[in-house]
1. For region 109-141, which positions are of a type in the set (G, A, S) and within 22 Å of A85 (Cβ to Cβ)?
2. Identify, by number, the condition in (1) open to solvent by 40 Å² or more (accessible area, probe 1.4 Å); (2) in contact with a Lys or Arg (Cβ under 9 Å, 6 or more places away or on another chain) that P70 doesn't meet.
3. Name every residue in region 38-56 that is part of a loop (DSSP other than H, G, I, E, B), within 20 Å of I160 (Cα to Cα) and touching a strand residue (DSSP E or B) at 6+ places or on another chain (Cβ under 8 Å), in order of residue number.
4. Looking only at region 138-164, which residues are within 24 Å of A24 (Cα to Cα) and aromatic (F, W, Y)?
5. Considering only residues that are without any contact (Cβ under 8 Å) to a residue 24 or more places away in the chain, under 19 Å from Y154 (Cβ atoms) and in contact with a Leu (Cβ under 9 Å, 6 or more places away or on another chain), which ones fall in region 50-97?
6. Name every residue in region 157-170 that is farther than 13 Å from H133 by Cα and surrounded by 14 or more Cβ atoms within 10 Å (Cβ to Cβ), in order of residue number.
7. Of the residues in region 100-120, how many are free of Cβ contacts under 8 Å to residues at least 40 places away in the same chain and more than 15 Å from the chain's Cα centre (by Cα)?
8. Any residue at all in region 94-105 that's of a type in the set (D, E, K, R), crowded, with 16+ Cβ neighbours inside 10 Å and modelled with pLDDT of 95 or more?
Amino acid sequence: MSASPALPSALNNAPAGAVVPTQADLLDFARRTAADATLIDSLPLDPEGRTWVRLDGPGGSEAWLIGWPPGTGTGWHDHADSVGAFVTARGELRENALTARLPTDGWKTLELTDGVDRTRLLPAGRGRSFGHHHVHEVLNESTVEHAVSVHAYYPPLPRIRRYSRAGQILRLEQVERPEDWQ
């Protein structure tokens, strides 16, 4: 494992000598964890809403096992200064993402240019990693099947920014801190 050369200030606070997990490390952890059928089967699933269990991630990262009932999703959001990865363990997830890097602060509404949208279908065993300020939404579009996924972030999530989207207009709606979801 090696640290990325362009670390945001939040990563520079790692203890001296600590090995900072890379996006590749997080993706490898998510893949190995998603392949653990006993762990995946242990997640309680709710027919109405998402369920989650916090896991110990590599190198002090934050990790989650998440259950997705049919028709659920995250809405548009980012993970601020954290890099991350996720892998679908069961079912299939769809990720809609923006390929353009957005300003990090100081705005409420942006008009997106054409061609910034990317869609990925991630069946069981498939996943992806992403960098800082990656804006996306994750959906279980199945009408009958739960999906389960493994997510990992480093540094542990300092905040999540939530957005609404109407056509090419993206609007910052809310900033959540860890105490809002733990």
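The values are calculated or read from the model by the stated rules, or taken from the named source; none is laboratory data. Quick caveat: nothing in here was measured; it's all calculated off a predicted structure. FYI the Cβ positions are ideal-geometry reconstructions off the backbone, even for glycines, and counts take in every protein chain you see. Side chains included, ligands, DNA and RNA excluded: accessible areas come from the protein's heavy atoms. Shrake-Rupley method; radii C 1.70, N 1.55, O 1.52, S 1.80 Å.
1. Just the residues of region 109-141 that are of a type in the set (G, A, S), to begin with: 115, 124-125, 127, 129, 131.
Listed by number, the residues that qualify are A124, G125, G127, S129, G131.
2. (2)
3. Looking only at region 38-56, we keep the residues that are part of a loop (DSSP other than H, G, I, E, B), and these are 43-50.
Subsequent filtering for residues that are within 20 Å of I160 (Cα to Cα) retains 49-50.
Hit for region 38-56 is R50, nothing else.
4. Step one: filter region 138-164 for residues within 24 Å of A24 (Cα to Cα), giving 138-139, 147-161.
The answer is Y153, Y154.
5. Let us first name the residues in region 50-97 that are without any contact (Cβ under 8 Å) to a residue 24 or more places away in the chain, namely 50-53, 56.
Next cut, under 19 Å from Y154 (Cβ atoms) only: 52-53, 56.
Result: W52, V53.
6. The initial filter retains those residues of region 157-170 that are farther than 13 Å from H133 by Cα, namely 164-170.
Correct list: R165, L170.
7. The first filter runs over region 100-120 and keeps only residues free of Cβ contacts under 8 Å to residues at least 40 places away in the same chain, leaving 100-101, 103-106, 115-120.
Add one more test, that the residue is more than 15 Å from the chain's Cα centre (by Cα), and what stays is 100-101, 103-106, 115-118.
So the count comes out to 10.
8. Filtering region 94-105 for residues of a type in the set (D, E, K, R) gives 94-95, 101, 105.
Filter once more, keeping what is crowded, with 16+ Cβ neighbours inside 10 Å: 94-95.
With the extra rule that they be modelled with pLDDT of 95 or more, the set shrinks to 94-95.
So far as region 94-105 goes, yes, one or more of its residues are of a type in the set (D, E, K, R), crowded, with 16+ Cβ neighbours inside 10 Å and modelled with pLDDT of 95 or more.
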